[in-house]
1. PRE reach from Glu194 (point 7 Å along Cα→Cβ): which of the range 143-175 fall under 20 Å by backbone N?
2. Residues in the range 1-33, backbone N under 15 Å from the label point at Tyr209 (7 Å along the Cα-to-beta-carbon vector): list them, ranges by number please.
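Read the figures in this text as sums done on the coordinates, not as results from a lab. Source: prediction; values computed, not measured. Neighbour counts are summed over all protein chains in view; Cβ atoms, including those assigned to glycine, are modelled from backbone coordinates with ideal geometry.
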Amino acid sequence: MQVNLLYRPSQSLAQCWLQNGESVVAESGAMVGMSTNVQMQTQSGGFMKGLKRLFGGESFFRNTFTAQGGQGEVLFATPLCGDMAVLEAGHKQWCIQNSAYVASSPSVDVKTRSGGFKGMFSGAGLFLLETSGMGQVIIGTFGALEQVQVDGSMVIDTGHLAAWESTLTYKVGKSGSGWIASFLSGEGLVCHFEGQGTVYLQSRNAAEYGSTIGALLPPREQ
């Protein structure tokens, strides 16, 4: 699969070229368009897997697009404006915020796993995604995308996490010296990463954006 990222960084679109018989798996609703020789198949991968994805903030089903009779093209995008990136799974494996996942090679197993209370407060929800296998993974973010190298330790706001190497360990904690200071600062909870690896950040926080826009809207009429 050849992936071209178009219109970066604010209006990104992933253009995937598939050879005859080649496939790509995508989150439900991510497809923008496809050539007529591409066939789409919708599957859950099993009831329990679909249910875990549903609780994790994803859709119950995922779609598999396969080129037939020649080269095919599929276009993917995210609901919010922002950048996209292609991650290589294999030598490195990734943890992905559920809303950041767009598509992946069929050879990459993207599992939904429980992050417990740590995952719930990390900005990735109670569940997060973890890759295994080899291939490409397309992620999409809200706003600009920044690649940060962690060498030792780093503190990152939970609402700005997109993806990170699975070799990194993290814990969720307060941003200030105490809980009251953290609350008054407006920063709330942060992730304390330890180890060596890459973290992808998004410059915008979807929850904060929604709260800001919601406060500007007129009240609903009863």
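1. 149-158, 164-175
2. 8-13
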